[in-house]
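Student: First the structure, which I've put down as structure tokens, then a few questions once you've had a look.
The values are calculated or read from the model by the stated rules, or taken from the named source; none is laboratory data. Just so you know, these numbers come straight off a predicted model, no measurement behind them. We place every Cβ from the backbone using ideal geometry, glycine too, and count neighbours over all the protein chains shown. Remember, those area values only see protein heavy atoms, side chains included, never the ligands or the DNA or RNA. Shrake-Rupley method; radii C 1.70, N 1.55, O 1.52, S 1.80 Å.
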Amino acid sequence: MTLQPKNLLIIGGGPCGLITLRNCLHRGTFSKVQLVERRDDVGGVCPDHRSRWSTPAYPGLIGNVIPEFLSFSEHPFPAPPREHQPFPTLAETNAYLKEFARPFIENIRLSFEVTGVEEVEGGGWTVRMKNWNKGGVVSEETWDAVVITTVWFDNPHLPDIPGLQELQQQQPKKVQHAINWTGPHSDYEGKRVLVIGNANSANEMAAQLAPVAQTPIYRSTRRISVFPSLPDTRIQDIGPVNRYTTNDNNKITAHVQDETTIEHIDIVLFGTGYYPHVPYLRVLRPDPDSQTRARTLVPLTSRTIVPTRIPSLHNQILYAHNPTLAFIGAPTSFIPFTLADLTSTWLSLAWSGLIPIPPTPKARLIYEQGRLRTLAEQRSQSDNPSDLINFHFLGRYEMEYARGLREDVVRVNECLDRVLARWDDEQDGRRFAMYAKKMESLRASRD
């Protein structure tokens, strides 16, 4: 099957949206390509200022990805001017994205918030937006194809633990998530804090709180962390929390899996990631007899899909039942800029009719079915099926996935073989070496 939509709308002006815009303009064959971003500037989750929308990035953030893997093809990321800190800051990443977007500014509309995307019977997508340049006036447009890059970071994940929902309802200020973290300010001074998680955001928050909050800072973990962090005697690791209760003074008690308790907690701070969800999206309910039976619009995604995922995606990119809807940024990676460059290049060529896709929804669902089987096997082999075993986190299967897409791309455009990341063993070695580099930079900063 070949697809050749002419008018494309990209939703989201972060890294995934910007590289998709560039690749569709430079590597595709389309009549009209536009990008809309709800903020007043590009950058997405890497903004240079806070706005009405939350972001997982916080002031002072230093990343854990070296410039090689923040570089879009044909546009290298400048090396930071620091001897012992090779990882770009939030400000440097934002500056790179702004400079990258400058040639395409005529194709970008800022302060346009998408509030609805609906599949149209017979083809196309209706998109509703609020124009915040004009006070939020609502407009409606129709597009041949839509790319959604706002998959994860509006949707903070909180674990389903007994007592947590009641705690949120009764004392919402005492249950916080990394999406709203702005640093270890005075609200935490002298407070007894429990941090949940030990990935990058949880480790960073615990480290920043250590000089400010009451010590020890408790950090609840389910697994040995693969994310770099320095040991700190002010941070005490505990096991998973099974239940939360409150006492007469409205202090929180965490009941730990090993039957110990942590009492008199003032704040529980979650660094437990995000889940994939696009609440503004509605698709026509798939119906094998759609020519004779009317179809209704239904949400494609929800918080309750098991296993958690954007469902019905071919290659984690195209919606199987109507492949004029695409997602860039659904698969999670330790090098997301590089992967988004590859997946959006693949998409631009597939939508230009150059890369064929399976001809039927059933055939396009084969990828998802295989991935679900692999996921079930991974979980059956683990006694601690953490969030790092999920549908969109490819882990050791990422190389195979990326190589397959890259082969599709190079088969129809040999010139791209010279500019796209290689996805070979040497590249993988440099990716894994980032962890040692991050530890070195943390020690250098401490010393």
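Student: Suppose every Lys and Arg Cβ carries +1 and every Asp and Glu Cβ carries -1, with no other charges. What dipole size does the chain come out with about its Cα centre, to the nearest 20 debye?
Tutor: Details: 48 positive and 49 negative charges, 100 e Å.
For the chain, the charge dipole is close to 480 debye.
Student: Taking 0.36 nm per residue of sequence separation and subtracting the Cα-Cα distance, how much length would be gained by fully extending the chain between LYS362 and VAL306, in nm to one decimal? Can you show the working numbers first?
Tutor: Details: separation 56, 0.36 × 56 = 20.16 nm, distance 1.99 nm.
Length difference between fully extended and current span is 18.2 nm.
Student: Under a GNM of the chain (C-alpha, springs under 10 Å), which listed residue has the highest mean-square fluctuation: THR343, THR221, THR261?
Tutor: In the Gaussian network model the winner is THR261.
Student: For the stretch 13-34 and the stretch 231-271, compute the distance between their C-alpha centroids and round to whole Å.
Tutor: The two parts, judged by their Cα centres, are 46 Å apart.
Student: Name the residue, out of THR345, THR308, THR324, whose mean-square fluctuation peaks in a Gaussian network model built on the chain with Cα pairs under 10 Å.
Tutor: Result: THR308 has the largest fluctuation of those listed.
Student: Moving to a separate point now. Taking the simple approach of a point 7 Å from Cα along Cα-to-Cβ for both SER382 and LEU158, what is their distance in nm?
Tutor: With each label placed 7 Å out from Cα toward Cβ, I get 2.4 nm.
Student: Same structure again: Given springs between every Cα pair under 10 Å in a Gaussian network model of the chain, which of VAL241, VAL226, VAL147 has the largest fluctuation?
Tutor: Checking each option, the largest mean-square fluctuation is seen for VAL226.
Student: Give me the distance between the Cα centres of the stretch 160-176 and the stretch 372-447, rounded to whole Å.
Tutor: Computed from Cα coordinates, the inter-centre distance equals 35 Å.
Student: From the phi of every residue in the stretch 11-25, what ³J(HN,Hα) in whole Hz does the Karplus formula 6.51 cos²θ - 1.76 cosθ + 1.60 yield, where θ is phi - 60° and glycine or proline is x?
Tutor: 9, x, x, x, x, 5, x, 5, 6, 5, 4, 4, 5, 5, 6
Student: Mind giving me the nanometre distance, one decimal, between the label points for ARG373 and THR89, set 7 Å out from Cα along Cα→Cβ?
Tutor: Going by the 7 Å Cα→Cβ label model, 5.1 nm.
Student: Starting at the first residue of the stretch 431-447, write each ³J(HN,Hα) from the Karplus equation 6.51 cos²θ - 1.76 cosθ + 1.60 with θ = phi - 60°, in whole Hz, x for Gly and Pro.
Tutor: With the stated coefficients, the stretch 431-447 comes to 5, 5, 5, 4, 5, 5, 4, 5, 4, 4, 5, 5, 5, 4, 5, 5, 6 Hz.
Student: What FRET efficiency would be calculated for the residue pair ARG52, TYR435, taking the C-beta separation as r and a Förster radius of 56 Å, to the nearest 0.05?
Tutor: Details: r = 35 Å, r/R0 = 0.63.
With R0 = 56 Å, the Cβ-Cβ based efficiency is 0.95.
Student: Let me ask you something else. Which is farthest toward the positive dipole end of the chain among LEU167, THR338, ILE224, measuring Cα position about the Cα centre, with Cβ charges +1 (Lys, Arg) and -1 (Asp, Glu)?
Tutor: In the chain, that residue is LEU167.
Student: Find me the longest stretch of the chain that has none of the exposed GluC sites (Glu not before Pro), where exposed means in a DSSP loop (not H, G, I, E or B) with at most 15 other Cβ atoms within 10 Å.
Tutor: Numbers: sites that count: GLU74, GLU83, GLU121, GLU189, GLU259.
For GluC sites (Glu not before Pro) (loop position, at most 15 other Cβ atoms within 10 Å), the longest site-free span of the chain is 260-447.
Student: Out of residues 5 or more away from ASN242 or on other chains, whose amide H comes under 5 Å of its own, with H placed 1.01 Å from N in the peptide plane?
Tutor: Those lying under 5 Å, H to H, from ASN242 are HIS255, VAL256, GLN257.
Student: Continuing with the same structure: Would you mind computing Rg(Cα) / (2.2 N^0.38 Å) for the stretch 142-205, counting N as its residues?
Tutor: Values: Rg = 16.2 Å, N = 64, 2.2 N^0.38 = 10.7 Å.
Dividing the Cα radius of gyration by 2.2 N^0.38 Å gives 1.52.
Student: A further question follows. Please state the charge dipole magnitude for the stretch 179-236, taken about the Cα centre, from unit charges on C-beta atoms (+1 on K and R, -1 on D and E), reported in debye and rounded to the nearest 20. Mind dumping the intermediate values first?
Tutor: On the way: 6 positive and 4 negative charges, 53 e Å.
Dipole about the Cα centre, nearest 20: 260 debye.
Student: Indicate the gyration tensor shape class of the stretch 139-275 (rounded, prolate or oblate), computed on the Cα atoms with a ≥ b ≥ c the square roots of the eigenvalues: a/c under 1.5 is rounded; otherwise a/b larger than b/c is prolate and the rest oblate. Please list the in-between numbers first.
Tutor: Details: a/c = 1.92, a/b = 1.61, b/c = 1.20.
Because a/c hits 1.5 or more and a/b exceeds b/c, the stretch 139-275 counts as prolate.
Student: In whole percent, and with a 1.4 Å probe on the protein chains, what portion of the accessible area of the chain is carbon and sulfur? Write down the numbers at each step before the final one.
Tutor: Values: 10390 of 20700 Å².
C and S fraction of accessible area: 50 percent.
Student: Sort out for me the Cα centre separation of the stretch 331-365 from the stretch 71-140, rounded to whole Å.
Tutor: So the separation of the two Cα centres works out to 20 Å.
Student: Right, another one. Express the accessible area of the stretch 356-426 per residue in Å², computed with a 1.4 Å probe while the remaining protein chains stay in the model. Intermediate results must be reported in sequence, preceding the final value.
Tutor: On the way: 4200 Å² over 71 residues.
Ligands and nucleic acids excluded, the figure is 59 Å² per residue.
Student: In deg cm²/dmol, rounded to 500, what helix-only [θ] at 222 nm does the chain give when every DSSP H run of at least 4 residues adds -39500 (n - 2.57) and the total is split over its residues? Please report the intermediate quantities before stating the final value.
Tutor: On the way: 9 runs with 114 residues, N = 447.
When only DSSP H runs of four or more count, the value is -8000 deg cm²/dmol.
Student: List every residue whose amide H lies under 5 Å from the amide H of ASN155, counting only residues 5 or more places away in sequence or on a different chain, with H placed 1.01 Å from N in the peptide plane.
Tutor: Counting only residues 5 or more places away or on other chains, the set is TYR275.
Student: Also, I was wondering about something else. State, in angstrom, two size descriptors of the chain derived from its alpha carbons: Rg to one decimal place and Dmax to the nearest whole number.
Tutor: For the chain, the Cα-based Rg and Dmax read 22.6, 71 Å.
Student: Along the charge dipole of the chain, pointing to its positive end and built from +1/-1 on Cβ of Lys, Arg, Asp and Glu, which listed residue (ILE265, VAL193, THR29) has its Cα farthest out?
Tutor: Final value for the positive-end residue is THR29.
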